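Read-outs throughout are calculated quantities, based only on the coordinates presented, and are distinct from any laboratory measurement. Just so you know, these numbers come straight off a predicted model, no measurement behind them. Neighbour counts are summed over all protein chains in view; Cβ atoms, including those assigned to glycine, are modelled from backbone coordinates with ideal geometry.
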Amino acid sequence: MKGGYSVMRFSLQRTPDGALTQQVQRCGDFQSVERAFDTARMEAIREWYEACENEAAETPAVRQIQIKDTEWGYELKREHLVVTRYWVHDGSPAELPGLAG
């Protein structure tokens with residue numbers, strides 16, 4: 001049974017020619033919005049932790065890696081660039097009275 005809420009991971013990846021491209025991955029379906037946001041937060045924290053470990057191993061310079069809480073979910077930022085988003089998508093949005101679908 002498909003859940004009412006999905007967690008989607010949007011990330012930037014470098015192509016062989018060096019350009020950035022977006023990839024999308026579904027991280028799960030959930031019946032409650034709370035469980036979906038909990039999952040999005042935990043995935044963002046996991047990825048943040050891994051990024052901090054990798055940055056420390058690769059470069060001695062301190063770089064800014066942060067998680068930003070948004071109304072849609074969570075964003076992982078390196079310096080000022082959003083590199084990953086974990087967003088919650090409502091699979092059954094509310095219907096507005098008087099509007100035909």
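Modelled label-to-label distance, Ser92 and Gln64, 7 Å Cα→beta-carbon offset: nm?
4.2 nm
Whose amide H sits under 5 Å from the amide H of Gly4, counting only residues 5 or more places off or on another chain, with H placed in the peptide plane?
Phe30, Gln31
7 Å from Cα along Cα→Cβ at both Glu79 and Arg46: what's the point-to-point distance in nm?
2.8 nm
By how many nm would the segment from Leu12 to Val33 lengthen if fully extended, with 0.36 nm per residue of separation less the alpha-carbon distance?
Values: separation 21, 0.36 × 21 = 7.56 nm, distance 2.54 nm.
Gain on stretching Leu12 to Val33: 5.0 nm.
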